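The values are calculated or read from the model by the stated rules, or taken from the named source; none is laboratory data. Here the structure is a predicted model, which means the values were calculated and not measured. Every residue, glycine as well, gets a Cβ built from its backbone with ideal geometry; the counts of neighbours run over all protein chains shown.
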Amino acid sequence: MTRDIALLRDILLQVRERPEPLRSLDPRIEGRDELTVSYHVMLLHQAGLIEGDDRSALGIFRWTARTLTWAGHELADLMADAGLWHRAQAALAANPALNVEALQRLMTAWAVEASAGQPVAGV
């Protein structure tokens, strides 16, 4: 299964918006099957972006999300910004090999640039 950055974003934002951080969330993403969503929840957990739970049993793969970590909040805040996300999608289209860390550095630089009104050197 391949990693889908847009799906990772959808899950992060869903976890970010939930009012009860102590209860497990079984994310539902329109147009996505449960296996693919669970796999991406697992990836977010492995990356240290969410606290997740492996609920797999009897040969059924299932991961749920509880909360965002500090790093998860940082990334979700960037990805929630429509302008930054639009630029990130363009960067991913131009270079599909960009990983989440590189994308986060780019988005952070763009956010700093926008807040200062000045271009960020080297970006």
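Miscellaneous remarks
- Boolean, A88 is under 30 Å from L22 (Cβ atoms) and not in a loop (DSSP other than H, G, I, E, B): no
- Restricting the first member to the stretch 60-81 and to residues that are under 14 Å from Q104 (Cβ atoms), and the second to residues that are in a helix (DSSP H, G or I) and of a type in the set (F, W, Y), the beta-carbon pairs closer than 6 Å and six or more apart or on different chains are M79/W85.
- Counted residues, the stretch 55-80 - those being part of a loop (DSSP other than H, G, I, E, B) and over 13 Å from the mean Cα position of the chain (by Cα): 6
- Unique match (being outside the structural domain of E17 (by TED's automatic domain parsing), loosely packed, with under 12 Cβ neighbours inside 10 Å and out of contact with any strand residue (DSSP E or B) (no Cβ under 6 Å at 6 or more places or on another chain)) among A91, A80, A57, A97: A97
- Comparison of L92, L35, L25, L49 shows that the only residue that is touching a Gly at 6+ places or on another chain (Cβ under 7 Å), under 22 Å from M1 (Cβ atoms) and either of a type outside the set (G, A, S) or at pLDDT 95 or above (or both) is L49.
Residues are listed down the side, and each one gets a yes or a no for (1) among the acidic types (D, E); (2) farther than 30 Å from V112 by Cα:
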site: L22; (1), (2): no, yes
site: D26; (1), (2): yes, yes
site: T36; (1), (2): no, yes
site: D54; (1), (2): yes, yes
site: A57; (1), (2): no, yes
site: L68; (1), (2): no, no
site: H73; (1), (2): no, no
site: G83; (1), (2): no, no
site: E101; (1), (2): yes, no
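- Top-ranked residue of the stretch 1-31 - restricted to ones that are over 22 Å from S56 (Cα atoms) and touching a residue at least 24 places away in the same chain (Cβ under 8 Å), ranked as surrounded by the most Cβ atoms within 10 Å (Cβ to Cβ): R9
- The listed residues are G83, G52, and the only one of them that is in a strand (DSSP E or B) and under 23 Å from Q14 (Cβ atoms) turns out to be G52.
- Test for T108: is it more than 21 Å from R3 (Cβ to Cβ) and surrounded by 14 or more Cβ atoms within 10 Å (Cβ to Cβ): no
- Condition check for A71: in contact with a Gly (Cβ under 8 Å, 6 or more places away or on another chain), among the hydrophobic types (A, V, I, L, M, F, W, C) and at pLDDT 95 or above: yes
- Taking the criterion of being in contact (Cβ under 8 Å) with a residue 24 or more places away in the chain and either of a type in the set (G, A, S) or part of a loop (DSSP other than H, G, I, E, B) (or both), the residues of the stretch 32-49 that qualify are R32, S38, A47, G48, L49.
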